[in-house]
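**Q** Mind looking over this structure? Questions follow.
The values are calculated or read from the model by the stated rules, or taken from the named source; none is laboratory data. Keep in mind that what you see is a predicted model, and the values were worked out from it rather than measured. Neighbour counts run over all protein chains shown; Cβ positions are idealised from the backbone, glycine included.
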Amino acid sequence: MATKIVVCRCEDVTLADLEHSAARGYRDIEEVKRYTGFGTGPCQGKECLGVVAAALAKINAQDPSTIPPFTSRPPLAPTPIKILARDPAAHRFADDQDEEGGA
């Protein structure tokens, strides 16, 4: 018998993690997502949402159809380094001395 049941492969969230989050009072799927990190990996919940919702329904003794999906948020687009390289202020830190002799 398996000792570790993984419900979200991207973020390595287990059934025990879901049970622990429910025991701590996180019963809503959005709260459980924020507590465990499920659904934040490369699949963005496409692979694990149904499994997690079914497991939460069983843990909380509720009908699975009453559990809404979590709010999907696309990942942020990173700022290209070349944009920062053009800004002279991007190369200074607060404790750098002024090049003109000031402190």
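**Q** I need every pair where a residue in region 17-37 that is over 17 Å from P68 (Cα atoms) and touching a residue at least 12 places away in the same chain (Cβ under 8 Å) has its Cβ under 8 Å from the Cβ of a residue that is acidic (D, E) and assigned to a helix (DSSP H, G or I), sequence separation at least 6 or different chains.
**A** S21/E31; T36/D17
**Q** Where in region 13-63 are there helices (runs of 4 or more DSSP H), lying fully within it, with 3 or more residues that are crowded, with 16+ Cβ neighbours inside 10 Å and more than 14 Å from the chain's Cα centre (by Cα)?
**A** Working: elements: 15-23, 29-36, 49-60.
Where helices (runs of 4 or more DSSP H) fall fully within region 13-63 and carry at least 3 residues being crowded, with 16+ Cβ neighbours inside 10 Å and more than 14 Å from the chain's Cα centre (by Cα), they are 15-23, 49-60.
**Q** Only one of these conditions is not met by F70: (1) touching a Leu at 6+ places or on another chain (Cβ under 8 Å); (2) assigned to a loop (DSSP other than H, G, I, E, B); (3) modelled with pLDDT of 85 or more; (4) of a type outside the set (D, E). Which number is it?
**A** So F70 meets the others, but not (3).
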